[in-house]
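Colleague: Dumping the structure here so I can ask a few things about it.
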Amino acid sequence: MPIAKSVILAHKKRGGSRKALWFAVAAGIPCFGVVAAFGVAPDTLDDKLRVERIVQEIALPPLPVVGTSEHDTFVREERIQRGDTVAALLARLAVDDPDAVDFIRRSRDARSLTQLRPGRSVRAETAADGSMQSLTYLTPNGLLLSIERHGDGFEVSEQQADLESQPLMASGEIRSSLFAATDAAGLADAVAIQIAEIFSSHIDFHRDLRRGDRFSVVYEGLHHDGELVRTGRVLAAEFVNQGKSYKAVWFEAGSGQGGYYSPDGNSLRKAFLRSPLEFSRISSGFTHARFHPILKQWTAHRGTDYAAPTGTRVRTTADGVVSFVGRQGGYGNLVIVQHHGKYSTYYAHLSGFAPGIGKGARVSQGDFVGYVGQTGLATGPHLHYEFHINGVQHDPVKVALPEAVPITRELRSAFETRALPLAHQLGLMRQASVAALH
Ligand SMILES: [Zn+2]
């Protein structure tokens, strides 16, 4: 395309470096430091498309301008539509540039464009002949990705988008599962999983949930140009399980170390988690209805069974030291963890052990020790969990365990300033959701 090339050269002469132009326009917009730009693996490239790995200072691009700029390039913005192809999207952006289409299709780094969610904006800058000068869009992970023409080729660079946090709220009622309820409330899975984690010392989300349980949650929504890019941390939550209310407020003491506390200032972390099973959309969908003749004949059978798909991760419920790893009779593949002297926990029927889990290994609460399976006396994949005190099996639900440390006296007033408004908000949300649902 000799004509296109001369046009671009002419453009470059008139406008100077486009990067310099971006800097000029972006003056006053905060600069985001050194950003690594990523080249493309050679096997994905045409020989004529030259791509380099570069590290440079990048400022945020200017706000979109629709129409002609004084430098003979056109900026257009379009939203991704359901079922869009790269070619169709670029055509709507008035890009007439087969090399660009080809590059985006082949480039490993630009591939995220084809995974974009419908509704997301894509901005293109074109020269008068339709050749693509740059393409900018936000990836689902909140990265601002730019493809820029560079001589005969294109360069891909990415940087953290400037995200603005705004608190969002949601409430819901459990009818079948936590995920069904959070889906109905329009909540991301990441928020549902955080809720389960926050209350994991008090509620076993695999076994304790009942129809009619309710939740309210205040969480960070991270936006770019008014679009919700992703969700951040849960700031406050209430979960009403079997009529009992649990509230949590995030509090950080300034040192970067934070945690969840009840509004009266007690940490929600306890010595033991209620469930040894990783909470996920898959593991939460299993019921405990079908237990089964072989286990009934296992006369010494005690403990708690968790039906879950083979491979679901199993975690230790408390800090401790691994005292046994291997095969043991009806237990099949078994891990035993010794905690604080008199307590120990058993994880049985495992399909495999987590890397690094051997006799004598130190583990922290929540560390993965193995994977659900059906080794030993088991007809279906499930985790068999036992909780022992001085070598005798107990029902962990009925054992009184030491509470975690409360907020210190020095931090009390800072905590209350933060926690009380959030707790009040949770109260309002609960009333509103009950009023809406009944
Ligand atoms: Zn069992």
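Quick note: the coordinates plus some simple rules give every number you see, no bench work behind them. What you are looking at is a predicted structure, and each value in this text was computed from that prediction instead of being measured. Positions of Cβ are generated from backbone atoms using ideal geometry, with glycine treated the same way; all protein chains shown enter the neighbour counts.
Colleague: Express in nm, to one decimal, how much length is gained between residue 92 and residue 374 on full extension, taking 0.36 nm for each residue of separation and deducting their alpha carbon distance.
Modeller: Length difference between fully extended and current span is 96.1 nm.
Colleague: Whole angstrom only: what separates the Cα centroid of the stretch 170-200 from the Cα centroid of the stretch 231-260?
Modeller: Answer, in whole Å: 14.
Colleague: Compute the distance from the alpha-carbon center of the stretch 71-137 to that of the stretch 364-424, in whole Å.
Modeller: The two parts, judged by their Cα centres, are 49 Å apart.
Colleague: Right, here's the next one. For residue 318, list long-range residues whose amide hydrogen, built 1.01 Å from N in the peptide plane, is under 5 Å from its own amide hydrogen.
Modeller: The list, which skips near neighbours in sequence, is 273, 366.
Colleague: Each label point is 7 Å from the Cα along the Cα-to-Cβ direction; what then is the distance between the points at residue 394 and residue 327, in nm?
Modeller: 3.3
Colleague: Could you please report the charge total around residue 430, scoring K, R as +1 and D, E as -1 over all other residues with beta-carbon less than 14 angstrom from its beta-carbon?
Modeller: 0
Colleague: I've got another one for you. Principal axis extents for the stretch 193-235, Cα atoms only, whole Å, descending order, please.
Modeller: Principal-axis extents of the stretch 193-235 (Cα, largest first): 41, 21, 15 Å.
Colleague: Sticking with this one: Give me the distance in nm between label points sitting 7 Å out from Cα along the Cα-to-Cβ direction at residue 310 and residue 211, one decimal.
Modeller: 3.3
Colleague: Label-point separation (nm) for residue 183 and residue 342, each offset 7 Å from Cα along Cα-to-Cβ?
Modeller: Simple spin-label model gives 4.6 nm for this pair.
Colleague: Is there a pair in 247/359; 244/359; 247/398 whose C-alpha atoms are over 29 Å apart, and which pairs would that be?
Modeller: Pairs exceeding the cut-off: 247/359; 244/359.
Colleague: Report the far tail of the P(r) of the stretch 346-429, meaning the percent of Cα-Cα pairs longer than 17 Å.
Modeller: Summing the P(r) tail past 17 Å for the stretch 346-429 gives 71 percent.
Colleague: Let me ask something else. So what J values fall out for the stretch 152-167 if you push phi through Karplus, 6.51 cos²θ - 1.76 cosθ + 1.60 with θ = phi - 60°, rounded to Hz, Gly and Pro as x?
Modeller: 8, x, 10, 10, 10, 9, 9, 8, 5, 6, 6, 9, 10, 8, 9, x
Colleague: Now a separate question. Given a Förster distance of 35 angstrom, what is the FRET efficiency for residue 166 paired with residue 302, based on the Cβ-Cβ distance and rounded to 0.05?
Modeller: About 0.10, to the nearest 0.05.
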